[in-house]
Amino acid sequence: MAEAHRQLEICNACRYCEGFCSVFPAMMRQKVFAAGDLSHMANLCHNCRGCYYSCQYTPPHEFALNIPAVLADIRQENWESYVRPRALARWFHSHGLALALVTVLATVLLFWMATRTQVSAPATFYAYLAHNLLVIIFAPAFVLPLVLIALGLRNYWRDTGGHWPSMADLREAFGSVAKMKNLAGGHGDGCNFEKEDRYTNARRYAHQAVMYGFGLCFLATASATVMHYLFDWPAPYGLLSPPKILGLSGGVLLILGTIEMIRQKLKADPGLGASRVWRGELAFTALLGLTATSGLALYAVSGTHMVKPLLALHLGCVLTLFLMMPFTKMVHGFFRVSALIIEAQKRRANGM
């Protein structure tokens, strides 16, 4: 926190990066920063790194400014302190790949043992695992992590001065999220996430692909639930049905987005982010990609004997993704949306 105070005070005196992203207008509203102010600015930061490459005070200058890294460290500490148990988040980010692999393998084995063996192809995956059993397993695995995140967000909201949002606040925040405005840079040419001192929108597009891909997959599941319970129309569904159209398009977007994010992560300078969680972030992105890939593969082998092993793999990945949601990089979406809503409120309160 002391280092963040030092660096941000120098930034606030310089103000060269005024139009780069939402962090700098928030910083310039005041001269003294409380802990809640630092948390707010850290969650506004999307680690685009444009400010670092434009700054005249980065190393080897004696000021040694590294705003992306110091805000990334605060942001990570935020997520770990607000969403409990904190030890699990630290463990995941320290041993992310190993923990993800062990959890996926354990859940895959669990689903393999739970599936029926005497099934004649062609058959849907409900022939291997009953629909009601899936609901019993996945409903609490989805809801309970969301409860943990909601409790953390309540405390974050209180500490950063948020209040009940208006429609204008929500419209501004979600409009920014939809366009990934803070990854476009102050000039609209993108950010400098990769090592080279150049601007690109590749990271912005990769994040949009993952965000919209995940949303489409969620809508696919929701539409299938509505069709199953309200219209008494159980799976399997045809290729032109809403669950298939949404699921296939969402899965493709997720795969393309995660591949690009991993490529960029491997090329980027780890010293400009929260370096201690580099492995955990990479493991989470890989898990997200594996979930989408196994889901599309399950579509492809429908009606064959490959359904059972791929069903176990896909359900294992999905369950791991849900259970680990509060302790992985996925939680950043909830906090960043909250920060953007609170920023909209602060801007409106200051007549901006």
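Restricting attention to the stretch 290-330, the residues being assigned to a loop (DSSP other than H, G, I, E, B) and within 27 Å of residue 151 (Cβ to Cβ) number 4. Scanning the stretch 26-70 for residues being of a type in the set (Phe, Trp, Tyr), farther than 17 Å from residue 193 by Cα and modelled with pLDDT under 90 gives a total of 1.
Residue under question is residue 102, and the condition is that it be within 27 Å of residue 310 (Cα to Cα), at pLDDT 90 or above and aliphatic (A, V, I, L, M); does it hold? No.
The set of residues in the stretch 213-252 that are closer than 13 Å to residue 290 by Cα and among the aliphatic types (A, V, I, L, M) contains only 252. Residue under question is residue 175, and the condition is that it be in contact with a Leu (Cβ under 7 Å, 6 or more places away or on another chain) and in a helix (DSSP H, G or I); does it hold? It is false that residue 175 is in contact with a Leu (Cβ under 7 Å, 6 or more places away or on another chain) and in a helix (DSSP H, G or I). Exactly one of these conditions fails for residue 48: (1) farther than 19 Å from residue 277 by Cα; (2) in contact with a strand residue (DSSP E or B) (Cβ under 9 Å, 6 or more places away or on another chain); (3) not polar (S, T, N, Q). Give me its number. In the conditions (1) farther than 19 Å from residue 277 by Cα; (2) in contact with a strand residue (DSSP E or B) (Cβ under 9 Å, 6 or more places away or on another chain); (3) not polar (S, T, N, Q), residue 48 misses (1) alone. Taking the criterion of being more than 15 Å from residue 153 (Cβ to Cβ), among the aliphatic types (A, V, I, L, M) and surrounded by 16 or more Cβ atoms within 10 Å (Cβ to Cβ), the only residue of the stretch 341-352 that qualifies is 344.
Checked against the criterion of being within 27 Å of the chain's Cα centre (by Cα), modelled with pLDDT under 85 and among the acidic types (Asp, Glu), the stretch 7-25 has at least one qualifying residue.
Among the residues of the stretch 247-289, the ones that are in contact (Cβ under 8 Å) with a residue 60 or more places away in the chain and part of a helix (DSSP H, G or I) come to 16 in all. For the stretch 49-71, the count of residues that are among the charged types (D, E, K, R), surrounded by fewer than 21 Cβ atoms within 10 Å (Cβ to Cβ) and more than 18 Å from the chain's Cα centre (by Cα) is nonzero. Any residue in the stretch 197-212 that is in a helix (DSSP H, G or I), crowded, with 17+ Cβ neighbours inside 10 Å, touching a strand residue (DSSP E or B) at 6+ places or on another chain (Cβ under 9 Å) and free of Cβ contacts under 8 Å to residues at least 60 places away in the same chain? Yes, the stretch 197-212 contains a residue that is in a helix (DSSP H, G or I), crowded, with 17+ Cβ neighbours inside 10 Å, touching a strand residue (DSSP E or B) at 6+ places or on another chain (Cβ under 9 Å) and free of Cβ contacts under 8 Å to residues at least 60 places away in the same chain.
Residue 164 meets the conditions (1) surrounded by 12 or more Cβ atoms within 10 Å (Cβ to Cβ); (2) part of a loop (DSSP other than H, G, I, E, B) in every case but one. The failed one is (1). Identify, please: which residue in the stretch 221-258 is loosely packed, with under 15 Cβ neighbours inside 10 Å and closer than 24 Å to residue 330 by Cα and is, among those, modelled with the highest pLDDT? It comes out as 222. The residue that is nearest to the chain's Cα centre (by Cα), counting only those in the stretch 296-340 that are surrounded by fewer than 22 Cβ atoms within 10 Å (Cβ to Cβ), under 19 Å from residue 176 (Cα atoms) and of a type in the set (A, V, I, L, M), is 330. Pairs meeting the criteria (first residue in the stretch 322-336 and more than 10 Å from residue 89 (Cβ to Cβ) and at pLDDT below 85, second residue surrounded by 24 or more Cβ atoms within 10 Å (Cβ to Cβ) and among the hydrophobic types (A, V, I, L, M, F, W, C), beta carbons under 9 Å, at least 6 apart or on different chains) are lacking.
The values are calculated or read from the model by the stated rules, or taken from the named source; none is laboratory data. Everything numeric here is computed off the predicted structure, so don't read it as measured data. Glycine gets a Cβ as well: all are built from the backbone with ideal geometry, and neighbour counts include every protein chain shown.
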